Amino acid sequence: MPCKRCGKCCKKIAMLYPRDELLEEWGKARRFKVMQRSDKALMYSVSHICPQLKNGNECKMQDDKPAVCSGFPSVDHAQWGFDNNHCLPKGCGFKWDGERYV
Ligand code: SF4
Ligand code: SF4
């Protein structure tokens with residue numbers, strides 16, 4: 001099982017926005033940290049600890065968590081010009097094999 005149950009993906013949100021001067025100013029004003037930039041998009045990293053997280057890495061709703069969580073990671077960021085392996089939390093057990101996360 002690639003997931004190490006580290007809980008890192010429950011503490012940060014990566015947000016993708018198309019490259020646009022106004023959106024960039026908006027992100028700066030909110031002090032969002034730019035994780036990556038490509039020709040097509042900006043990826044912001046926003047710290048947000050999920051209220052369902054307990055003991056640092058356990059999900060209070062483990063058996064009933066949202067699909068976005070149970071399916072993580074699933075987004076193919078390559079279409080936005082990013083390297084999928086650089087879009088995962090540092091130390092995540094998943095890797096992009098060119099077609100999907102394994
Ligand atoms: S960051 Fe990766 S290894 Fe850690 S809990 Fe999330 S999916 Fe699992
Ligand atoms: S619902 Fe559970 S798995 Fe999803 S982000 Fe919150 S703590 Fe993590």
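Where a number appears in this text, it was derived from the coordinates with a stated rule and is not lab data. Being a predicted model, the structure only gives us computed values, none of them experimental. Positions of Cβ are generated from backbone atoms using ideal geometry, with glycine treated the same way; all protein chains shown enter the neighbour counts.
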> Out of all the residues in the stretch 74-96, which are within 15 Å of ligand 1 (Cβ to nearest atom) and assigned to a loop (DSSP other than H, G, I, E, B)?
Replying inline: Ser74, Val75, Cys87, Leu88, Pro89, Lys90, Gly91, Cys92, Gly93, Phe94, Lys95
> What single numbered condition from (1) of a type outside the set (A, V, I, L, M, F, W, C); (2) closer than 29 Å to Leu23 by Cβ; (3) in contact (Cβ under 8 Å) with a residue 12 or more places away in the chain fails to hold for Lys95?
Replying inline: (2)
>> Quick check on this structure: which one of Asp64, Asp76, Asp20 is of a type in the set (Asp, Glu) and within 16 Å of ligand 2 (Cβ to nearest atom)?
In response: Asp64
> Considering the stretch 24-51 alone, what residues qualify as being within 16 Å of ligand 2 (Cβ to nearest atom) and either among the polar types (S, T, N, Q) or not in a strand (DSSP E or B) (or both)?
Replying inline: Ser45, Ser47, His48, Ile49, Cys50, Pro51
>> Checking the structure you have, find out if any residue of the stretch 37-47 is among the aromatic types (Phe, Trp, Tyr) and more than 22 Å from Val102 (Cα to Cα).
In response: yes
> Among the residues of the stretch 28-51, is there at least one that is more than 20 Å from Ser74 (Cα to Cα), in contact with a helix residue (DSSP H, G or I) (Cβ under 8 Å, 6 or more places away or on another chain) and free of Cβ contacts under 8 Å to residues at least 12 places away in the same chain?
Replying inline: yes
>> One residue is enough: does the stretch 52-73 have a residue meeting the conditions under 16 Å from the mean Cα position of the chain (by Cα), within 16 Å of ligand 1 (Cβ to nearest atom), crowded, with 17+ Cβ neighbours inside 10 Å and not in a strand (DSSP E or B)?
In response: yes
